[in-house]
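Some notes on the structure that comes next.
Bear in mind these aren't lab numbers, they're just calculated from the coordinates by the rules spelled out. Keep in mind that what you see is a predicted model, and the values were worked out from it rather than measured. Neighbour counts are summed over all protein chains in view; Cβ atoms, including those assigned to glycine, are modelled from backbone coordinates with ideal geometry.
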Amino acid sequence: MEITEFATLFTIQSLDRAIGEAKQQITTQEKRIQALNGQIEFKRDELSEINTKFTVQKQELQQAERELVAVELKLAKSREHLTASTGQAMADAAEREASQLSNKQQDLEQQVLAGMENIENLQIEISTTQEFIAGATISSQEIASDVATEIERENGVINGLQERIENNLEELSPSLQEIFKSINKKYRFKRPLAVVEEGCCSECGMGVSESLRAKVNQGSTLELCGACGRILAPHPEKTFKPAH
Ligand SMILES: [Zn+2]
């Protein structure tokens, strides 16, 4: 194990971390579009509910209107009977009927008015919701193209970083490459390299024995943390060399 190989490992770790950040960016972008599409979907469901309500209300209104016409006809007839009635008993009966019908007429008139108001409100709600959906759909298309550009850019960044990682990996001995790859599989974006800090593994906090610490500081052998299995590297200042 060469001390410079630790520097290479640190370089790979930070390049890989940058990949993690780029992946985060992609997720953020994808969420932007998902949130808006979710909103559109929600409004579409809402619109379909309002439309159903509108149909029901309209049928009820038409029904009330028909009943009103019928009651008005009956009332007119009843008034005719009243005028034509000969005898008190007949007049009383006609009067009673006319009064009942007149009450019914008033109820129906109120029902029709309320129904018309409901319908009007539902129409406003329908057009507001339709406008929202139309606007949001246009925004969604614009954002989608924005998001696609951003994601493409981030993927370019990731490919560049990946290439640099490959180049750095080639500088390591084949056995070290294998070990690093397998440890990085477990700790990708969570630092596969640890240093000894105040006698402990900097990542998991497990104590490192005096003898192991001495070996780690020497940097001529590959030592792993007995607890988390990360590579215990000498402090980066000791192994520093410019990244490439
Ligand atoms: Zn550890």
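Under the definition of Cα pairs under 8 Å and six or more residues apart, what whole-number percent is the relative contact order of the chain?
Worked out over the chain, it gives 33 percent.
Can you list, by residue number, the Cys in the chain that have no neighbouring cysteine C-beta under 4.7 Å?
So, Cys200.
Among Phe54, Leu36, Leu68, whose Cα sits farthest toward the positive end of the charge dipole of the chain (+1 at Cβ of Lys/Arg, -1 at Cβ of Asp/Glu, about the Cα centre)?
The residue sitting most towards the positive pole is Leu36.
If you filter segment 1-96 for GluC sites (Glu not before Pro), then keep DSSP loop positions with at most 15 other Cβ within 10 Å, what is left?
Passing sites in segment 1-96 are Glu2.
So, how do all the Cα-to-Cα distances of segment 1-64 break down into 10 Å bins, in percent, from 0 on up?
Percent of pairs per bin, in order: 17, 18, 16, 14, 12, 9, 7, 5, 2, 0.
Quick check of the Kirkwood formula: for the chain, what is the inverse mean of 1/r over all pairs of different Cα atoms, in Å?
Its Kirkwood hydrodynamic radius stands at 25.7 Å.
Round to the nearest 10 and give me the degree value, 0 to 90, for the angle of helix 174-187's Cα axis relative to the longest principal axis of the chain.
Once rounded, one gets 30 degrees.
In this model, which of Lys23/Lys190; Lys23/Lys43; Lys190/Lys238; Lys23/Lys238; Lys74/Lys104; Lys23/Lys185 are farther than 20 Å apart at the alpha-carbon?
Lys23/Lys43; Lys190/Lys238; Lys23/Lys238
Counting other Cβ atoms within 10 Å, which chymotrypsin sites (Phe, Trp or Tyr not before Pro) in segment 185-244 have at most 16 and lie in a DSSP loop?
Phe189, Phe240
Report the Cα-based extents of segment 173-244 along its three principal axes, largest first, to the nearest Å.
30, 26, 20
Gap in Å between the Cα centre of segment 113-175 and the Cα centre of segment 197-219?
Cα centroid of segment 197-219 versus Cα centroid of segment 113-175: 46 Å apart.
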